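Colleague: One structure, as C-alpha cells, below. Some questions next.
The values are calculated or read from the model by the stated rules, or taken from the named source; none is laboratory data. Since this is a predicted model, take the numbers as computed values, not measurements. Neighbour counts are summed over all protein chains in view; Cβ atoms, including those assigned to glycine, are modelled from backbone coordinates with ideal geometry. Heads up: the accessible areas ignore ligands, DNA and RNA and are worked out on the full protein's heavy atoms, side chains in. Shrake-Rupley method; radii C 1.70, N 1.55, O 1.52, S 1.80 Å.
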Amino acid sequence: MDKVFVTRRIPQAGVDILEKYFKVEVNGEERNLSKDEIIENIKDTFGIVTMVSDKIDKEVMDSAENLKIIANYGVGINNVDIDYATRKKILFTNTPGVLTQATAELAWGLIMAVARNIVQADKFTRSGEFTGFSPTLMLGKEFYSSTIGIIGMGRIGSSIARMARYGFNMNVLYYNRSKSEKELVVDAKRVQLDELLSVSDIVVVSAPLNSESKHLINKEKFELMKNDALFINVARGEVVDTDDLIYALENNIIGGAGLDVYENEPDFDTRLAGFKNCTLLPHIGSATVETREKMSKIVANNIVSVYKGRCPDYTVNGGDLCPAKN
Ligand code: NAP
C-alpha cells in the first residue's frame, strides 16, 4: 500500500478518506516538525499533507523519490517552492474557498477587539478591577459609516468588504494589482494604495505573500495612515515590515493593530506584546470546526484524485501536470 504522511493532526474525516487507499501516518505530536523530521518521514510517500507552516523546498522534495502530491492544508501557497514541484512533476494543491468565511469573520473579530479594547476589558473584569459603570472606562472607536480599506480584494477580502458595506454601512475602498470582479457586488472602489492608506479608518491586509507584496506595508506606508486608524493583518506576516509596524505603534502613528499572522512564524516579535492597543492571535483565521473539517476532506480528496489518475479539484500547478485533464 502506498503511504501518505500528514505533518499535523487534522480532523478525522480526511484521514478516514485517505485510509481507504493508503497507509496513513500522522504526526501525533502537537507541534510542527522540523525540516529534518519531515524529510525523515516522507522518504517513501506517495503524498504529504502539509501545513502552511511547513517549508517544502528543493531539499525536502528531493528526499522523497516517489512523491506525487503535496496537499497543503490551507489556501496560502508561499510555503512551497512551486516551480521546483512543477519541475519534479509533483502536484501541489490547496484548499481555497472553504475557509473564506471563517477568515473574514475572524478579521471582523480582530477589528472589534481592537476598536473596543475587548481583550483589555476582559482581563480587567477577570482581575476584579471592575467596580461599576464608569463614563470614561475603556472608550473605543465606532466604525459605522466610516471607511475601510481592503488590501487584496479576493475571496477573503471581498467577504470582509461585504460585511463592512452591508453590516456597517461602510465606504469600501480596495487595492489590488488588477480590478476585482467583486467590486460591484460589494459596492467597492479601487484606489491606489497610498490613497487607501491616507483615508481609511480601518485597513485590512488580505493579500497573499508574493514577490510584489513582501513588506508592501512599511514605515513610509504607515506614515500615510490616519493616526487613529486601525491596522489588521489576516493574510501573511511578511506583507508587513514588523519593525516598521512597531515603530508606528510606538510613535502613535496609527491607532492600533490586530494581527493573526507574523513574519517568520512560529517566531513572534515579543515587542508586539507590549502594546495594549494591539490584539494578537496565533494564526487562527480558518480555525472553526466546520472549516477545518472541510479542509481535511479536501486535502484527502486531492490526494485520492491523483492516486486515481484524475486531476484534483484544487491544483496550484495543475496545468500540464494533471494526470488527466477534467
Ligand atoms: P484570493 O482569492 O486569491 O485573493 C487574493 C487577492 O489579493 C486578489 O484579489 C489579488 O488580486 C490580491 N493580490 C495578490 N497579490 C497582491 C499584491 N501584491 N498586492 C495587492 N493585492 C494583491 O485569496 P484568498 O482566498 O482571499 O486568500 C488571501 C490570503 O489570505 C491567502 O493567500 C493566505 O495567505 C491568507 N489566509 C490567511 C488565513 C489565516 O489563517 N490568517 C486563512 C486563509 C488565508 P490581484 O491578483 O489583482 O492583485
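Colleague: Can you confirm whether segment 181-189 contains a residue that is under 21 Å from A257 (Cα atoms) and at pLDDT 95 or above?
Modeller: At the first step, the residues of segment 181-189 found to be under 21 Å from A257 (Cα atoms) are none.
Among the residues of segment 181-189, not one is under 21 Å from A257 (Cα atoms) and at pLDDT 95 or above, which makes the answer no.
Colleague: Could you check segment 225-265 and list, in sequence order, the residues that are of a type in the set (D, E) and open to solvent by less than 10 Å² (accessible area, probe 1.4 Å)? Don't jump to the end; show me each part of the working.
Modeller: Residues of segment 225-265 of a type in the set (D, E): 228, 238, 241, 243-244, 250, 260, 263, 265.
Selection gives D260 alone.
Colleague: Separate question: Look at segment 246-268 and say how many of its residues are touching a Leu at 6+ places or on another chain (Cβ under 9 Å) and modelled with pLDDT of 95 or more.
Modeller: Let us first name the residues in segment 246-268 that are touching a Leu at 6+ places or on another chain (Cβ under 9 Å), namely 246, 249, 254-262, 268.
Restricting the remaining residues to those that are modelled with pLDDT of 95 or more gives 246, 249, 254-262.
Adding up the residues that qualify gives 11.
Colleague: Give the residues of segment 207-224 that are away from the ligand (no atom under 15 Å from the Cβ) and open to solvent by less than 30 Å² (accessible area, probe 1.4 Å), sorted by residue number. Please lay out each step first, then the result.
Modeller: Within segment 207-224, the first condition is being away from the ligand (no atom under 15 Å from the Cβ), and the residues that meet it are 219-220, 222-224.
Passing the criteria: only F222.
Colleague: When I77 is evaluated against the numbered criteria (1) closer than 22 Å to K294 by Cβ; (2) touching a helix residue (DSSP H, G or I) at 6+ places or on another chain (Cβ under 7 Å); (3) open to solvent by 50 Å² or more (accessible area, probe 1.4 Å), which criterion, by number, is the only one it fails?
Modeller: It fails just one condition, (2).
Colleague: Please enumerate the residues belonging to segment 1-35 that are in a strand (DSSP E or B) and open to solvent by 50 Å² or more (accessible area, probe 1.4 Å).
Modeller: Initially, segment 1-35 is screened for residues in a strand (DSSP E or B), giving 3-6, 23-26.
K23, E25, V26, listed by residue number.
Colleague: Can you name every residue in segment 187-206 that is surrounded by fewer than 24 Cβ atoms within 10 Å (Cβ to Cβ) and within 10 Å of Y175 (Cα to Cα)? It would help to see each step written out before you state the result.
Modeller: The first filter runs over segment 187-206 and keeps only residues surrounded by fewer than 24 Cβ atoms within 10 Å (Cβ to Cβ), leaving 187, 189-196, 198-199, 201.
Residues satisfying the conditions are K189, R190, V191, Q192, L193, D194, E195, L196.
Colleague: Of everything in segment 116-160, what is surrounded by 13 or more Cβ atoms within 10 Å (Cβ to Cβ), of a type in the set (A, V, I, L, M, F, W, C) and over 21 Å from the mean Cα position of the chain (by Cα)? Give them in sequence order. Step through it out loud before you land on a result.
Modeller: As a first pass, look at segment 116-160 and keep what is surrounded by 13 or more Cβ atoms within 10 Å (Cβ to Cβ): 116-121, 124, 137, 140-141, 143, 146-160.
Checking the rest, the ones that are also of a type in the set (A, V, I, L, M, F, W, C) come to 118-119, 121, 124, 137, 143, 148, 150-151, 153, 156, 160.
Correct list: I118, V119, A121, F124, L137, F143.
Colleague: How do the strands (runs of 3 or more DSSP E) wholly within segment 95-194 filter down when requiring 1 or more residues that are of a type outside the set (A, V, I, L, M) and within 11 Å of the ligand (Cβ to nearest atom): which remain? Steps first, please.
Modeller: Details: elements: 147-151, 171-175, 188-190.
Passing ranges, in order: 171-175, 188-190.
Colleague: Has segment 90-111 got at least one residue that is in contact with a Leu (Cβ under 8 Å, 6 or more places away or on another chain) and more than 24 Å from I150 (Cβ to Cβ)?
Modeller: Yes, there is a match, as at least one residue in segment 90-111 is in contact with a Leu (Cβ under 8 Å, 6 or more places away or on another chain) and more than 24 Å from I150 (Cβ to Cβ).
Colleague: So which of A85, A64 ends up being part of a loop (DSSP other than H, G, I, E, B) and over 18 Å from the mean Cα position of the chain (by Cα)?
Modeller: On the way: A85 fails: part of a loop (DSSP other than H, G, I, E, B).
None of the others qualify; the one that does is A64.
Colleague: Could you tell me which of the residues N233, N210, N218 is without any contact (Cβ under 8 Å) to a residue 60 or more places away in the chain and closer than 29 Å to R8 by Cα? Give the derivation first.
Modeller: Details: N210 fails: without any contact (Cβ under 8 Å) to a residue 60 or more places away in the chain; N218 fails: closer than 29 Å to R8 by Cα.
Just one listed residue meets the conditions, N233.
Colleague: Also, quick follow-up: Could you tell me whether any residue of segment 50-58 is more than 17 Å from V304 (Cα to Cα), out of contact with any His (no Cβ under 8 Å at 6 or more places or on another chain) and without any contact (Cβ under 8 Å) to a residue 12 or more places away in the chain?
Modeller: Looking for residues that are more than 17 Å from V304 (Cα to Cα), out of contact with any His (no Cβ under 8 Å at 6 or more places or on another chain) and without any contact (Cβ under 8 Å) to a residue 12 or more places away in the chain, one finds none in segment 50-58, hence no.
Colleague: If I filter segment 266-299 down to residues being within 11 Å of the ligand (Cβ to nearest atom) and within 19 Å of N233 (Cβ to Cβ), which single residue comes out as most open to solvent (accessible area, probe 1.4 Å)?
Modeller: P282
Colleague: Need the failing condition index for D83 against (1) in the same structural domain as F231 (by TED's automatic domain parsing); (2) away from the ligand (no atom under 14 Å from the Cβ), just the number.
Modeller: Failed condition: (1).
Colleague: Starting from segment 15-32, keep only residues that are farther than 22 Å from Y307 by Cα, then list their pairs with residues that are open to solvent by 60 Å² or more (accessible area, probe 1.4 Å) and of a type outside the set (S, T, N, Q) whose Cβ atoms are within a distance under 7 Å, requiring at least 6 positions of separation or different chains.
Modeller: Close Cβ pairs satisfying both conditions: G28/R9; N32/P266.
Colleague: Restricted to segment 36-50, and to residues that are buried (at least 18 other Cβ atoms within 10 Å of the Cβ) and of a type outside the set (V, I, T), which residue is farthest from K294 (Cα to Cα)? Steps first, answer last, please.
Modeller: Going residue by residue through segment 36-50, those that are buried (at least 18 other Cβ atoms within 10 Å of the Cβ) are 38, 41-42, 45-50.
With of a type outside the set (V, I, T) added as a condition, the list becomes 41, 46-47.
Values: N41: 25, F46: 22, G47: 19 Å.
This residue is N41.
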